[in-house]
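Structure, as structure tokens:
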Protein chains: 2
Amino acid sequence: MEKKEFKEKVYSELAGLTKALANPYRLQIIDLLAQSSRTVEEIATQLDVSIANASQHLQTLKGAQLVSIQKEGHYVHYRLADEKVYLVWKSLRDLGIERFAQIERTLKDFREQKNSFQSISIDELIEKVRQENVVVLDVRPEKEYRAGHIPQALSVPMEHLSERIAALPKDKPVIVYCRGPFCVFADEAVEQLQKQGIKAWRLEEGFPDWKSRNLPFHMA
Amino acid sequence: MEKKEFKEKVYSELAGLTKALANPYRLQIIDLLAQSSRTVEEIATQLDVSIANASQHLQTLKGAQLVSIQKEGHYVHYRLADEKVYLVWKSLRDLGIERFAQIERTLKDFREQKNSFQSISIDELIEKVRQENVVVLDVRPEKEYRAGHIPQALSVPMEHLSERIAALPKDKPVIVYCRGPFCVFADEAVEQLQKQGIKAWRLEEGFPDWKSRNLPFHMA
DNA sequence: TAATTATTCAATAGAATTATTGAATAATTA
DNA sequence: TAATTATTCAATAATTCTATTGAATAATTA
């Protein structure tokens, strides 16, 4: 094989893979599937697009081998094909956050509005948990918690938060986490907690970031 | 700002960034600029495309803030805007190599043909250098060597390799590196060295990968 | 000032991508 | 077997992306 032909093959393959990622809905799908597997309908609902359209995007991702499927009854469950797919999304996300005033401003504005502008890092979380002076809340839907969560975290899905605030210890601050830096559950939870007089921060990143650092996690 | 509007903004920005990368020529440009800055003409020559076309691709990358420019005389020098841009490319590349039989096969075929199928990792290189029983060759163009290279490496650009083989110690094996896993210089160098009876391997990755691991490097 | 050089711009035609629509498929239940 | 359900497919029009061409710009040199 000639040099040029070789290069063309390799870079075209990789550009194809990149193209499959290059769409806002498909990036959202990657972010969702990083939490837990999902059916076509669940994804369509989350993205607020038609089922046919969600299916089309999923076909694109499957064609690029970024996601894989498992059939069960007449449901098709989609999942990420590889942990490395998440790492690509993470590196894109981190580049975006660092370089684009647009994104950083958008994030900051949103959080100020929710009073959750003080966010903490995974390292800070580890340190505070070690000192046993915080409560950690996972506010994602229960299915995602079951698919994997930070060891000491309690599952309190957003829709149950208000009724369970009373049961939280008043003397310990709370750290809330959810899907990732673009997930708003944690911001809304911090807002609610602060209104009830409980000190609360959000974790900057989400559970998949914890997992991708090879930190221990629990399932079920 | 509403939740939905917020999500749309953020994911659209990131999809835009991804789209700017999603083209075989533009990925090649990223790979080249990771070695050293370049003018439009140099890039056009390397990619074997027209200057206007190269300029157009560079405009796309610049629009997405993936590269930045520095004007000098009537030359425009392009460089990567951020180390994180390389990390995105690296993660895409690693996903591609791991997941696509296509790419792996293409790489393997090419290397078998060049007798350089035995490649070594950066960790193995470090260990061998520590034991002082190898010679390390950087076979990239001199400009790229000057912009940054592995500390103990000698600069032997491909076009001077044949004339400088005689001066190499016959008793030490040689490790050759170049731009990265898709760069064929190292494969061709290994082929030439083996023909002269010198034991030689290629480094699996390239100099930018060494740098991105925050290992020490020399300049000029 | 005129000529040269490196780069960018603008217009264009062909190709690819997108969301929408409605029909087709395939697994389950009545 | 017929009806139901989740998903996929196929066709379409609107938009976006691409390489090419030739002209425009801006920095340098004659």
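The values are calculated or read from the model by the stated rules, or taken from the named source; none is laboratory data. It should be emphasised that the depicted structure is a prediction, and the values quoted were computed from it without experimental measurement. In this analysis, Cβ positions are derived from the backbone assuming ideal geometry, glycine residues included, and neighbour counts consider all displayed protein chains. Ligands, DNA and RNA are stripped out before the accessible areas are found, and what is left, the full protein with its side chains, is counted by its heavy atoms. Shrake-Rupley method; radii C 1.70, N 1.55, O 1.52, S 1.80 Å.
Could you tell me how many of the residues in segment A:185-199 are touching a residue at least 60 places away in the same chain (Cβ under 8 Å), away from every other protein chain (no Cβ under 14 Å) and closer than 23 Å to B:Val10 by Cβ?
1
Kindly indicate which of B:Leu92, B:Leu87 is within 16 Å of DNA strand D (Cβ to nearest atom), touching a helix residue (DSSP H, G or I) at 6+ places or on another chain (Cβ under 6 Å) and facing chain A (nearest Cβ under 10 Å).
Just a single option satisfies the conditions, and that option is B:Leu92.
If I go through segment A:1-34 residue by residue, how many of them are closer than 17 Å to A:Cys178 by Cα and more than 7 Å from chain B (Cβ to nearest Cβ)?
6
Hey, could you check segment B:21-31 for residues that are outside any loop (DSSP other than H, G, I, E, B) and open to solvent by 10 Å² or more (accessible area, probe 1.4 Å) and say which is farthest from DNA strand D (Cβ to nearest atom)?
B:Asp31
Restricting to segment B:148-205, give me the number of residues that are in a loop (DSSP other than H, G, I, E, B) and in contact with a Pro (Cβ under 7 Å, 6 or more places away or on another chain).
Qualifying residue count for the region: 6.
Which one of the conditions (1) outside any loop (DSSP other than H, G, I, E, B); (2) modelled with pLDDT under 95; (3) not polar (S, T, N, Q) does B:Phe117 fail to meet, given that it meets all the rest?
The number of the failed condition is (1).
Within segment A:44-79, track down each residue that is among the aliphatic types (A, V, I, L, M) and in contact with a Phe, Trp or Tyr (Cβ under 7 Å, 6 or more places away or on another chain).
Scanning segment A:44-79 gives A:Leu47, A:Val49, A:Leu58, A:Val67, A:Ile69.
Is segment A:82-91 home to any residue that is farther than 28 Å from B:Asp82 by Cα and of a type in the set (Asp, Glu)?
No, segment A:82-91 contains no residue that is farther than 28 Å from B:Asp82 by Cα and of a type in the set (Asp, Glu).
Taking segment A:1-36 as the region of interest, how many residues are away from DNA strand C (no atom under 15 Å from the Cβ) and not aromatic (Phe, Trp, Tyr)?
Here the count works out to 14.
With the structure loaded, tell me whether B:Tyr86 is aromatic (Phe, Trp, Tyr), touching a residue at least 60 places away in the same chain (Cβ under 8 Å) and crowded, with 19+ Cβ neighbours inside 10 Å or whether it fails that test.
Criteria met by B:Tyr86.
Exactly one condition in (1) open to solvent by 90 Å² or more (accessible area, probe 1.4 Å); (2) within 16 Å of DNA strand C (Cβ to nearest atom) is not met by A:His77; state its number.
(1)
May I ask you to verify whether A:Ala153 is of a type outside the set (S, T, N, Q) and either assigned by TED's automatic domain parsing to the domain that holds A:Leu33 or modelled with pLDDT under 95 (or both)?
No, not satisfied.
Under the condition of being open to solvent by 10 Å² or more (accessible area, probe 1.4 Å) and touching a residue at least 60 places away in the same chain (Cβ under 8 Å), which residue from segment B:131-182 is farthest from the chain's Cα centre (by Cα)?
B:Pro151
Only one of (1) over 25 Å from B:Leu203 (Cα atoms); (2) in contact with a Leu (Cβ under 9 Å, 6 or more places away or on another chain); (3) within 14 Å of another protein chain (Cβ to nearest Cβ) fails for B:Asn53. Which number is that?
(3)
Please find, among A:Leu58, A:Leu27, the residue that is free of Cβ contacts under 8 Å to residues at least 60 places away in the same chain and touching a Lys or Arg at 6+ places or on another chain (Cβ under 9 Å).
A:Leu58
Which condition does A:Phe182 not pass, out of (1) within 29 Å of A:Arg105 (Cβ to Cβ); (2) more than 14 Å from chain B (Cβ to nearest Cβ), if it passes all the others?
Only one criterion in (1) within 29 Å of A:Arg105 (Cβ to Cβ); (2) more than 14 Å from chain B (Cβ to nearest Cβ) is unmet by A:Phe182, namely (2).
Out of the residues in segment B:45-62 meeting the condition of being within 28 Å of A:Phe100 (Cα to Cα) and near DNA strand D (Cβ under 10 Å from one of its atoms), tell me which one is least open to solvent (accessible area, probe 1.4 Å).
B:Ala54
Please list, ordered by residue number, the helices (runs of 4 or more DSSP H) wholly in segment A:35-110 having 1 or more residues that are closer than 22 Å to A:Cys178 by Cα.
Qualifying helices (runs of 4 or more DSSP H): A:40-47, A:83-99.
In segment B:64-82, how many are within 12 Å of another protein chain (Cβ to nearest Cβ) and farther than 16 Å from A:Arg93 by Cβ?
Number of matching residues: 4.
Do we find that A:Thr39 is within 16 Å of DNA strand C (Cβ to nearest atom), in contact (Cβ under 8 Å) with a residue 24 or more places away in the chain and either on the phi < 0 side of the Ramachandran plot or within 10 Å of chain B (Cβ to nearest Cβ) (or both) in this structure?
Yes; evaluated as a whole, the condition is true for this residue.
So, in segment A:95-135, exactly how many residues are at the interface with another protein chain (Cβ under 8 Å from one of its Cβ atoms) and not aliphatic (A, V, I, L, M)?
9
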